[in-house]
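I have placed the structure first, in the form of C-alpha cells, so that the comments after it can refer back to it.
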Amino acid sequence: MEPGFSNAGAVREVVAREGVARVGEIPTEVPPHPPGPVTPGWSNVVAVREEGAGGGGAAPVLSSLNPGTAVLGSANFTLSCIGEGFTPDAVIVFNGFDEPTTVVSETEVTTGVDMSVWAAPATLPVLVRTAAGVSAPLMFEFTAVAR
C-alpha cells in the first residue's frame with residue numbers, strides 16, 4: 001500500500017500482518033517531504049506496532065526473562081516470562097517462532113527450551129503476544145561454555 005500522511009509529521013503505512021517480519025523499530029527510507037515547510041523531527045526509523053488485533057485492553061508488557069541466559073550444552077529448561085497483561089491466549093514468541101506456552105498467571109507465562117536445538121552463541125528476541133497486542137522484546141542469550 002502507498003504510505004499516507006496522517007498528520008504534518010507522520011508517515012503511516014498499513015501492512016498486512018504477513019508482511020511484517022517483526023514488531024519493533026525498523027530502519028527505512030522516508031519518502032520526500034510533501035510541499036510546504038519542513039517538519040522538524042523527520043526520521044528514517046519506523047516504529048512498527050499491531051493495530052486492531054482485537055480483544056481490547058492493553059498490549060502485554062514483558063519485564064524480565066528467567067533465566068535470561070543459558071550455556072550451550074546445558075540441560076533443557078523452562079523459560080519464565082514475567083510481566084503484566086498476560087491473558088489466556090498469550091503466546092511466547094522466541095526468535096520469531098511461536099512456542100508452546102503455559103499461562104501461569106496474568107504476570108507469568110512459561111515455555112520449555114530444548115537446548116539440543118542451539119549449537120552456537122546467539123542473542124535472540126523474546127516477546128509475548130496476546131489478542132490485545134505484542135510486548136516489546138527482551139533479549140535472551142545463549143553463551144559458549146567457559147574454558
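So the values come out like this:
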{"item": "Residue list for the range 60-94, restricted to those being on the phi > 0 side of the Ramachandran plot and surrounded by fewer than 16 Cβ atoms within 10 Å (Cβ to Cβ)", "result": "73"}
{"item": "Selection within the range 105-123 - loosely packed, with under 14 Cβ neighbours inside 10 Å and part of a strand (DSSP E or B)", "result": "105, 112, 122, 123"}
{"item": "Residue 77 among the aromatic types (Phe, Trp, Tyr) and either touching a Leu at 6+ places or on another chain (Cβ under 9 Å) or modelled with pLDDT under 95 (or both)", "result": "no"}
{"item": "Tabulated pairs, the range 118-143, first within 9 Å of residue 59 (Cβ to Cβ), second part of a strand (DSSP E or B) and among the charged types (D, E, K, R), C-beta under 8 angstrom, 6+ apart or interchain", "result": "129/98; 135/129"}
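The values are calculated or read from the model by the stated rules, or taken from the named source; none is laboratory data. Everything numeric here is computed off the predicted structure, so don't read it as measured data. Heads up, the Cβs are rebuilt from the backbone with ideal geometry, glycines too, and the neighbour counts pull from every protein chain shown.
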